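The values are calculated or read from the model by the stated rules, or taken from the named source; none is laboratory data. As the structure is a computational prediction, the values presented were derived from the model and not from experiment. Methodologically, a virtual Cβ is constructed for each residue, glycine included, from the backbone with ideal geometry; neighbour enumeration extends over all protein chains shown.
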Amino acid sequence: MYLLDANIFIQSNRAHYGLDFVPGFWDWLDREHEAGVLCSIEKIADEINAGTDDLTKWAAGRKPMFLKMDGTEGPSLAALSAWANSGGVGYTPAAVATFLASGDYQLVAYAHSHGHTVVTYETSAPESRKRVKIPDACAALDVPWLDPFTMLRREAARFDLR
């Protein structure tokens, strides 16, 4: 199953898949969620709900798409925290604190504990010390990740004007 980062929803709406002009993308997300292909987590819904736009309204009507942490993530959360805090990685204390308070932290741990693939617009930046990037956190726990365009191609998504 694909586990979507907040930026899939937020960036897509603000840029190339706006709710107002590419409704097919949003319909596809609904369909694929109902088919058990994709989901996200509540912490990501919280990030979306911090806004006041059409995306906030859209997400509010899709609570089942955003799963609750179920308690099985404890070991994954601990391993991810240990990795982020390790001196070998070299993240600043502020970067670690921000990461551990974020949806990204829970997203990667959820994916790890449930065997999901994370989907994000972020790219790896292992040299970064000021921000923990999702792909690097995924790599630390051997969690598969990919960008949304790869997901869309793998799932043969089509948004045509027939």
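Tabulated results
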read-out	value
Yes/no for Ala84 being closer than 30 Å to Arg154 by Cα and of a type in the set (A, V, I, L, M)	no
Cross-chain or 6+ apart pairs with Cβ under 8 Å, region 76-91 first and more than 16 Å from Asp142 (Cβ to Cβ), then small (Gly, Ala, Ser) and part of a helix (DSSP H, G or I)	Tyr91/Ala84
Cross-chain or 6+ apart pairs with Cβ under 8 Å, region 101-114 first and under 14 Å from Asn7 (Cα atoms) and touching a residue at least 40 places away in the same chain (Cβ under 8 Å), then among the hydrophobic types (A, V, I, L, M, F, W, C) and in a helix (DSSP H, G or I)	Gly103/Ala6; Gly103/Ile44; Asp104/Ile134; Asp104/Ala137; Leu107/Ile44; Leu107/Ile134
Of all residues making up region 1-17, the number that are surrounded by fewer than 20 Cβ atoms within 10 Å (Cβ to Cβ) and closer than 20 Å to Ala156 by Cα	2
Tally, over region 1-17, of residues that are hydrophobic (A, V, I, L, M, F, W, C), touching a residue at least 60 places away in the same chain (Cβ under 8 Å) and under 17 Å from Gly51 (Cβ atoms)	3
Extreme residue, surrounded by the fewest Cβ atoms within 10 Å (Cβ to Cβ), among residues of region 18-52 that are touching a helix residue (DSSP H, G or I) at 6+ places or on another chain (Cβ under 6 Å) and free of Cβ contacts under 8 Å to residues at least 24 places away in the same chain	Asn49
Check on Asp27, among the charged types (D, E, K, R), modelled with pLDDT of 95 or more and more than 16 Å from the chain's Cα centre (by Cα)	yes
Residues within region 91-119 that are under 28 Å from Arg154 (Cα atoms) and either at pLDDT below 95 or not polar (S, T, N, Q) (or both), tallied	14
Which numbered condition Trp28 fails, given (1) within 16 Å of Ser102 (Cα to Cα); (2) assigned to a helix (DSSP H, G or I); (3) in contact with an Asp or Glu (Cβ under 9 Å, 6 or more places away or on another chain)	(1)
Pairs where the first residue, in region 146-162, is within 17 Å of Trp26 (Cβ to Cβ) and the second is of a type outside the set (Phe, Trp, Tyr) and in a loop (DSSP other than H, G, I, E, B), C-beta under 7 Å, 6+ apart	Glu155/Val37; Phe159/Val22
